[in-house]
Amino acid sequence: MSQTQMLKGILDGCLLAVIQEGEVYGYELAEKLESYGFEFMSEGTIYPLLMRMQKEKLVTTTSKKSTAGPRRKYYSLTEKGEEELEAFKKRWAQLSLSVNRIIKKGSDQGEK
Amino acid sequence: MKNELSKSSQDFIENLQLYLVTSGKKEDDIEDIVQELEDHLMEAEKRGKSVETIVGQSPKAYMEQLSNEMSFDKSWITKYLPMFILGAFAYLVLGDAIRSEMTYSLLQLIGYPLISILFLLAVWLTFKYLASHTPPKWGERLLFGILAVFPIFAFVGLLFFNRQSNQPVVIEVGQTGNTITISLCILIFIFLSLWGKSWAFIILPLIMFGPELLLDKTSITEETKAIINLPVTTIGFLAYFFISAKRHKKQAL
């Protein structure tokens, strides 16, 4: 599996988590992701994902006038989005636990 | 506002717009994502980022990704295409009706619609191609040149071949038929301009056929008519496109 494929589902969850922190617009969202260390992907990647999440009613948008001039789309979580985020957190905890166990075990054995 | 964007970002936005339009996406959806990306690119450029950091290595792949998430606008098939066919039909037939030359062979009956559809297809393919490829300027001009010349050659060619091979006439419309056709065509143009909220559907046929109709009322010889008609129509078209382009620019500002 390539890095991008593996990332897809995880990215969805991360977007939901960042949006949960508070209403954001596209550029802000990309910057926040970057500040968490997601620097390897191109910033535009978030838009197709946001579109799909909007279609699946995980996020809603409100259009607000920005100080700079153009109207901006702000994203926030729906109830369904909150639920999906909780489910993702559980899945991720389980997955990272299992992965860590395997990796750790491997390295532990190596040390012995 | 657009002027703040760098050339490469502007190019990307324009190509994206074209790509999505030629992919038959909804106008509102296109406007939404274009505005969002414009805003993003502007913010990014303020901080010295290049268009690649946003779009990635392959703009084409990115455009496809966006396109995949957008739903197809069915009104292209249910609304725009029938309107185009109706308009093209009225346009083609009106000239013949005015000249009382409404006789058609089987070859013409099949050929005219076929050429129209082929032309439409060629226009669509060209724009679709240009949205995701950047040929050199001369290549682009050549493409548009071929595109513009194609229908003229095809129609004239068909007409010529039709005469040369003495195709039997299958439909012949008489004087009453002519009058009915002309009124019908005018009704179609009025309907189209109301539907499209644009004067273009009335103005363009007026430029095309107006001078001919007026000249017919005078007693000038056929040759002089033909000589006057062509430049008047050409100037009419140029004036129309010049004025509407200017208006469009004003609206954009």
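FYI, it's all coordinate maths here, none of it is from the lab. As the structure is a computational prediction, the values presented were derived from the model and not from experiment. Cβ: placed from backbone, ideal geometry, glycine included. Neighbour counts: every protein chain shown.
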* Which entries in A:LYS55/B:LYS197; B:LYS7/B:LYS137; B:LYS7/B:LYS197; A:LYS8/A:LYS55 show an alpha-carbon gap greater than 23 Å? -> A:LYS55/B:LYS197; B:LYS7/B:LYS197
* Reachable lysines from B:LYS225, Cα under 25 Å, same-chain residues fewer than 8 places away excluded? -> B:LYS217
* **Listed residue (B:THR78, B:SER244, B:SER198) projecting farthest to the positive dipole end of chain B, Cβ model** => B:SER244
* Kindly point out which whole DSSP H helices in chain B project their C-alpha atoms 18 angstrom or further along the helix axis while averaging a Kyte-Doolittle hydropathy of -1.0 or above. => B:7-22, B:81-98, B:106-132, B:137-164, B:175-196, B:200-217, B:222-252
* Structure fact -> Counting only residues 5 or more apart in sequence or on a different chain, those whose built amide H sits under 5 Å from that of A:ARG72 are A:LYS64, A:LYS65, A:SER66
* Asked: Tell me which aspartates and glutamates have Cα within less than 13 Å of B:LYS128's Cα, excluding those fewer than 8 residues away on the same chain?
  -> B:GLU14, B:GLU64, B:GLU140
* Structure fact -> From the Cα centre of the stretch B:42-66 to that of the stretch B:176-237, the distance in Å is 48
* Asked: Amide H neighbours of B:SER6 under 5 Å, counting only residues 5+ apart in sequence or on other chains, H built in-plane at 1.01 Å?
  -> none
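Taking R0 as 41 Å, what's the FRET efficiency between B:PHE144 and A:THR62 from their Cβ-Cβ distance, rounded to 0.05? Mind showing how you got there, number by number?
On the way: r = 42 Å, r/R0 = 1.02.
E between B:PHE144 and A:THR62, to the nearest 0.05, is 0.45.
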* Amide H contacts of B:LYS25 (H built 1.01 Å from N, under 5 Å, at least 5 apart or other chain) -> B:ASP73
